[in-house]
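Here is the structure we will look at, set down as structure tokens.
The values are calculated or read from the model by the stated rules, or taken from the named source; none is laboratory data. Everything quoted here is computed from the prediction, not taken from an experiment. All Cβ positions, even for glycine, are placed from backbone atoms using ideal geometry, and neighbour counts span all protein chains on display. Keep in mind that these areas ignore ligands, DNA and RNA; they rest on the heavy atoms of the full protein, side chains included. Shrake-Rupley method; radii C 1.70, N 1.55, O 1.52, S 1.80 Å.
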Amino acid sequence: MSDTMTNWFGDIVSHPQVVVEAASVDDIAAVLKNPDKYPSPVRAVGSNHSTTPCGAADGGTLIQMSKLNQILEITADTVTAQAGTNYIDVAKEIEKKNLQFYVNTEIGSLSIGSAACCGTKDASMPGEYGQVGSYVSRIKMVLPSGDFLEVTDAQPELMQKVRSSYGTFGIVCEATLRVRPIQPLAVHHETFSLADFVKKLPDLKAGGDSLMFYIFPFENLITVEFRRYNPGASGIPNRFSWPLRNYMWANAGPAVCAQAESDIHDPEARYKVIDGFNTVWRFKLENLIKSDYTIATDQIIRYPAVANASRYTFSLWAFAEDTYPTVLAQHFQFCQNYYKSAGYRVNMLYVGYRVAQDQNSLLSYSYDGNVMTMDPVSTGNPGWTTFLGAYNQFCSDSGGIPLFNQTFGTNRAQAQKALGARLQAFADARKIYDPNNRLLNSYFSELLAESQQASAG
């Protein structure tokens, strides 16, 4: 008899035969050493915010890591925590010591274990990376044999692979991340038409700010969020702007859009309501979410442990920044054409990030250069997954790069086209650490074109 488990949003369903709540590292080792009691595949999850089946353990064993939530050490430039610790909890604790993460990613429910070995995203700050794992300097994990392995920056090639291993080499039990002293963060927003955005994008990139985008394909508008550190700021920090942004983004927005989807049957009327909310959203971004002195940690959102009426889901594709203006214009047209032909449109907005070139992870989506992303966001309105199938093909045809835990519906051909030889290098490295496929679920089996059956010998 199997359990039914879902991701946080509730749309990815898994049926593990056994579910284990690990309270110690020894609990993880005990599971991996006993395949008769704890069948394969063995997968580990934290808050399970992934939008793909990367953590699914159908017929196998699911290890829930949330009890491994201790912060083990804080130094002047690092923090070490157990794998089940939520990112926002660590951020708030190090803030007490006047420290912050380099990447203050939005989803605070991200677990330290996932941060260490899975993909993440945030607009890169000037001269920095936008992926949390790039600031992981040490990882301790339990191998499929039950033995322990510690990997550090002193092993750069192995660390590069482990940072994108998605729990297929071993199960991360603790990690160390580099941190920095808190610096004042300046933020402001400006809205552009599509044509004006494309025209001004070279100047925006040259301006030295971190760039995040709020994208509205049906209104031909893009609101740009500009961030930069502002060490000369004085006075009292603004602790209100980011919480307002977070409330609009993570609470009011999904709730309004979900209710409109539920209560307004006529699509034209429904999307007038949603577009009206987006107008208010842009106004608040431009006029209220601005300050010369905010605290970066305030960007991180604490989501409820169990999804509520404000839940939402998303997907991600990244594109080389030089091609982004062309792809963005084609994407606007794609969305409008799809709505005309299929009667479906995303019922929230799109977001995007400018992410710096980053080779710290083997499967980094910005491995070959700076990228910009286009990420549709939805309350999961009817037609969402079908739309993503068409959207994925559009993005793949346009040279897009997916993320294995945040791009729903990616197939083997799309992954191979995007990652090329790096995908095979990942598959080869995985076999070294998991020769009997103890940690290989059907999702990764399909992406890597491997059998889940144990290898001979």
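Can you tell me which residue among Ala421, Ala429 is among the small types (Gly, Ala, Ser) and either surrounded by fewer than 20 Cβ atoms within 10 Å (Cβ to Cβ) or under 20 Å from the mean Cα position of the chain (by Cα) (or both)?
Numbers: Ala429 fails: either surrounded by fewer than 20 Cβ atoms within 10 Å (Cβ to Cβ) or under 20 Å from the mean Cα position of the chain (by Cα) (or both).
Exactly one residue qualifies, and that residue is Ala421.
Looking at the stretch 353-382, I want the residues that are without any contact (Cβ under 8 Å) to a residue 24 or more places away in the chain and have a partner that is surrounded by fewer than 24 Cβ atoms within 10 Å (Cβ to Cβ) with Cβ atoms under 6 Å, at least 6 apart or on another chain. Which pairs are those?
Going by the 6 Å Cβ cut-off, the qualifying pairs are Gln357/Gly369; Gln357/Asn370.
Can you pull out every residue in the stretch 75-123 that is open to solvent by less than 20 Å² (accessible area, probe 1.4 Å), part of a strand (DSSP E or B) and not polar (S, T, N, Q)?
The answer is Val79, Ala81, Leu99, Phe101.
Is it the case that the stretch 74-82 has a residue that's within 25 Å of Tyr129 (Cβ to Cβ) and within 18 Å of the chain's Cα centre (by Cα)?
Within the stretch 74-82, not a single residue is within 25 Å of Tyr129 (Cβ to Cβ) and within 18 Å of the chain's Cα centre (by Cα).
Could you count how many residues in the stretch 98-127 are free of Cβ contacts under 8 Å to residues at least 40 places away in the same chain and within 9 Å of the chain's Cα centre (by Cα)?
Final tally of qualifying residues: 1.
Taking the stated definitions as given, is Lys272 free of Cβ contacts under 8 Å to residues at least 40 places away in the same chain, basic (Lys, Arg), assigned to a helix (DSSP H, G or I) and open to solvent by 20 Å² or more (accessible area, probe 1.4 Å)? Walk me through it before giving the result.
Numbers: free of Cβ contacts under 8 Å to residues at least 40 places away in the same chain: yes; basic (Lys, Arg): yes; assigned to a helix (DSSP H, G or I): yes; open to solvent by 20 Å² or more (accessible area, probe 1.4 Å): yes.
So Lys272 fits the description; yes.
Could you check the stretch 280-305 and list, in sequence order, the residues that are open to solvent by 30 Å² or more (accessible area, probe 1.4 Å) and touching a residue at least 40 places away in the same chain (Cβ under 8 Å)?
Within the stretch 280-305, Lys284, Glu286, Leu288, Lys290, Asp292, Tyr293, Arg302, Ala305 qualify.
If a residue must be in contact with a strand residue (DSSP E or B) (Cβ under 6 Å, 6 or more places away or on another chain) and open to solvent by 10 Å² or more (accessible area, probe 1.4 Å), how many such residues does the stretch 127-138 contain?
Of the residues in that region, 3 qualify.
Of the residues that sit in the stretch 139-172 and are among the basic types (Lys, Arg) and not in a loop (DSSP other than H, G, I, E, B), which one is surrounded by the fewest Cβ atoms within 10 Å (Cβ to Cβ)?
If we take residues in the stretch 139-172 being among the basic types (Lys, Arg) and not in a loop (DSSP other than H, G, I, E, B), then Lys140 is surrounded by the fewest Cβ atoms within 10 Å (Cβ to Cβ).
Within the stretch 326-345, does at least one residue satisfy the condition of being touching a Leu at 6+ places or on another chain (Cβ under 9 Å) and closer than 20 Å to His189 by Cα?
yes
Assess whether Thr191 counts as being touching a helix residue (DSSP H, G or I) at 6+ places or on another chain (Cβ under 6 Å) and either part of a strand (DSSP E or B) or among the aromatic types (Phe, Trp, Tyr) (or both).
yes
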